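Report on the structure given below.
Any read-out appearing in this document is the output of simple, stated calculations on the displayed coordinates, not a laboratory observation. Keep in mind that what you see is a predicted model, and the values were worked out from it rather than measured. Because the Cβ atoms are built from the backbone with ideal geometry, glycine has one as well, and the counts that use them run over all protein chains shown.
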Amino acid sequence: MTQYIFVTGGVVSSLGKGLTSAAIGSLLESHGLKIAMQKFDPYINVDPGTMSPFQHGEVYVTPDGAETDLDLGHYERFTSCEISADSNYTTGKIYSTVIQRERRGDYLGKTVQVIPHITDEIKDCIAKVASTDVDIVITEVGGTVGDIESLPFLEALRQFGHEHGRENTLFIHLTLLPYLRASGEIKTKPTQHSVGRLREIGILPDILVCRTEIDVEPEVCEKISLFCNVPTEAVFIEKDVETSIYELPLVLRQQQMDARILEHFGRKPGSGNMDRWIEVVESLRAPQSEVEIAVVGKYIELTDSYKSIYEALTHGGIHHKSRVRFRRVQAEDLAEGDPAAVLGGVDGILVPGGFGERGLEGKVRTVQYARESKIPFLGICYGMHAAVIEYSRNVLGMKSASSTEIDKDTVDPVITLLEEQQDVSDKGGTMRLGEWPCRFSKDSTCSVEYGIAEAGERHRHRYEFNNIYRDRLSEAGLRIAGSSPDGNLVEVVEVVDHPWFVACQYHPEFQSKPFAAHPLFRGLIGAALERKSSRD
Ligand code: GLN
């Protein structure tokens, strides 16, 4: 029978609920349990696909083509749960389903209300991820307890708990213990208030996870236990990790959170083997070498905008027992002047995905610098477009080559709108999305790195390589290294005369794990290490 964990947050946002939920998932998997993970986001947008990266950070794409919250990336990196469109629901998505039903007349003349219609829909969404082979579903509620917009979600969780019984549901509440430097004290009052808010709604947390900056004395946990009505052994301390987020499963294991959860659910422990996490953390703590990778993008000041990219680069480093340092470069800064002044000394360069005109010229110049200086290069999505534009301009001499995304009337549209996109006017959920197979050409870098002939990779784009230029570009040394199985869509290009230059239409960063780096990130870091040692 499936059992359910609900993770809520209090005091402030950005406490790392997603990471904590994911880490709990990894602990449960170590006992041989099959888990499913899900996130509720209380905002009104149907999904984050239409939001600016400044507002929301990275948009994470599921294999079935949903544009979702970046916490799903943590779920996939920490666990082997399968994610889909059912793994992320927003208020907007819930309401649109209910309103569509109302328009169809499904409610047979009834008044449609938050309770029971919206709450029923929320409960149905939880049930959707609980297939017969799932032991435990972990559902995280975004936002902070006390927010007006999260109320329907919390009410639905309360009802769900009531209907399934305490033995089959477990509420985990994440809070902050602020440290007051002036008085040298840890404060528990915000946690007490936040648990009080939850109790008003009718939810009694079974476990509290308290985020802190400093170590906490046992008396603090006893005080929290007394005032918040949870046993002391159910108060867990999550101090800021020192080296990496991948320490988190081990931090929770050390306090035996898994034992507590298994006991609550009446489940027997499995092996509880966490060796692979120990290995990951050890290789991050004591790396044997170091490389510096420049990430040249448009939203560079926000690490959340390229979350999966930084994680995947780190995974590449873990594979080679090396630390990866990031040089975060604003693409616009490269539009003019000497690129070497900004990029000089790096061991590898990555140009991530993006949209719109700002920064494209800087990305094109970055590609030129990487190509001519033979620096290992990985271009992703818009980064692949920049690579094709650069090669067309600087090798084939088509000076005005561009993408129709930014110049509709260019004489050389080497990147154009996908045919299926011609009549699309709605912005939300209408790109080419989700996992599609890519077949690699035999002599390519990709076929070496992947070691297989075909792989499924996730996409999120409207524009693509223009086949009219295919022959000219490949004759000039830009290899078509991967394409859709029917050969129609170019998915990867590589520069032949270069030690390691791969640019792909898809997003490999979504399929990388700390203990199994994605082949292209593993390859990029490997090539960067080689370049560094040959320079040394
Ligand atoms: N803007 C480009 C397109 O829509 C690339 C998208 C991306 O990088 N994700 O095709």
Residues of type lysines that Lys189 reaches as a straight line, Cα spacing below 16 Å, ignoring anything fewer than 8 places off in the same chain
Lys223
Apply 1/(1 + (r/R0)^6) to the Cβ-Cβ distance of Ile44 and Ser484, taking R0 = 35 Å, and write down the FRET efficiency to the nearest 0.05.
0.45
Rounded, prolate or oblate: which fits the stretch 62-111, taking a ≥ b ≥ c as square roots of the Cα gyration tensor eigenvalues, rounded meaning a/c under 1.5, else prolate when a/b beats b/c?
prolate
Convex hull of the chain built on C-alpha atoms - directionally averaged projected area, nm²
27.2 nm²
Where only alpha carbons of the stretch 272-403 are counted, the Rg and the Dmax (Å)
16.3, 60
Quickly rank 451-464, 56-69, 373-386, 267-280 as a protection proxy: mean count of other C-beta atoms within 10 Å, highest first.
373-386, 56-69, 451-464, 267-280
Can you list the GluC sites (Glu not before Pro) in the stretch 323-362 that are in a DSSP coil and have 16 or fewer other beta carbons within 10 angstrom?
Glu336, Glu357
Using modelled amide H (1.01 Å from N, peptide plane; none on Pro or chain starts), what sits under 5 Å from the amide H of Lys513, excluding residues fewer than 5 places away?
His518
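Scan the stretch 74-139 for trypsin sites (Lys or Arg not before Pro) in coil per DSSP, keeping those whose Cβ has at most 11 other Cβ atoms within 10 Å, and list them by number.
Lys110
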Part-to-part distance (alpha-carbon centres) for the stretch 459-512 and the stretch 224-245, which is given in Å
48 Å
Per its Cα gyration tensor (rounded if a/c is under 1.5, else prolate when a/b beats b/c, else oblate), the stretch 462-516 is best filed as oblate
Fewest-first sequence of Leu28, Leu226 by Cβ atoms within 10 Å of each Cβ:
Leu226, Leu28
Treating only Lys and Arg (+1) and Asp and Glu (-1) as charged, each at its beta carbon, one finds that the stretch 84-142 has a dipole about its Cα centre, in Debye to the nearest 20, of 360 debye
Cα centroids of the stretch 299-330 and the stretch 386-447: how far apart, whole angstrom?
25 Å
Nearby lysines by direct alpha-carbon distance to Lys93 (threshold 25 angstrom, same-chain neighbours under 8 apart not counted)
Lys17, Lys39, Lys110, Lys123, Lys128, Lys307, Lys427
Note: Asp338 to Glu372 extended length (0.36 nm per residue) minus current alpha-carbon separation gives 10.9 nm
Which one of Asn466, Ser21, Ala127 is farthest out on the positive end of the charge dipole of the chain, using unit charges on Cβ (Lys, Arg +1; Asp, Glu -1) and the Cα centre as origin?
Ser21
The whole-number value in µm²/s of the Stokes-Einstein translational diffusion coefficient for the stretch 416-523, with Rh from the Kirkwood sum over alpha carbon pairs at 4 °C and 1.567 mPa s, is 88 µm²/s
Looking at Gly337, Thr169, Leu418, which one has the Cα that reaches farthest to the positive end of the dipole of the chain (charges on Cβ: Lys, Arg +1; Asp, Glu -1)?
Thr169
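Compute the FRET efficiency between Lys427 and Asp275 as 1/(1 + (r/R0)^6), taking r as their Cβ-Cβ distance and R0 = 60 Å, and round to the nearest 0.05.
0.85
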Starting from a Cα-only point model with no solvent, please compute log10 I(q)/I(0) by Debye for the stretch 186-327 at q = 0.09, 0.13, 0.18 1/Å.
-0.42, -0.79, -1.07
Which lysines have a Cα lying under 19 Å from the Cα of Lys374, excluding residues fewer than 8 positions away in the same chain?
Lys363, Lys532
Rounded to the nearest 5, what % of the DSSP beta bridges within the chain are antiparallel ones?
35 percent
Hey, could you pull the Cα Rg and Dmax for the stretch 344-419, both in Å?
12.1, 41
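Run the numbers on the chain and let me know its relative contact order in percent, using alpha-carbon pairs under 8 Å that are six or more apart. Working shown, then result.
Details: 1101 pairs, mean separation 81.2, N = 536.
In percent, rounded to a whole number, it is 15.
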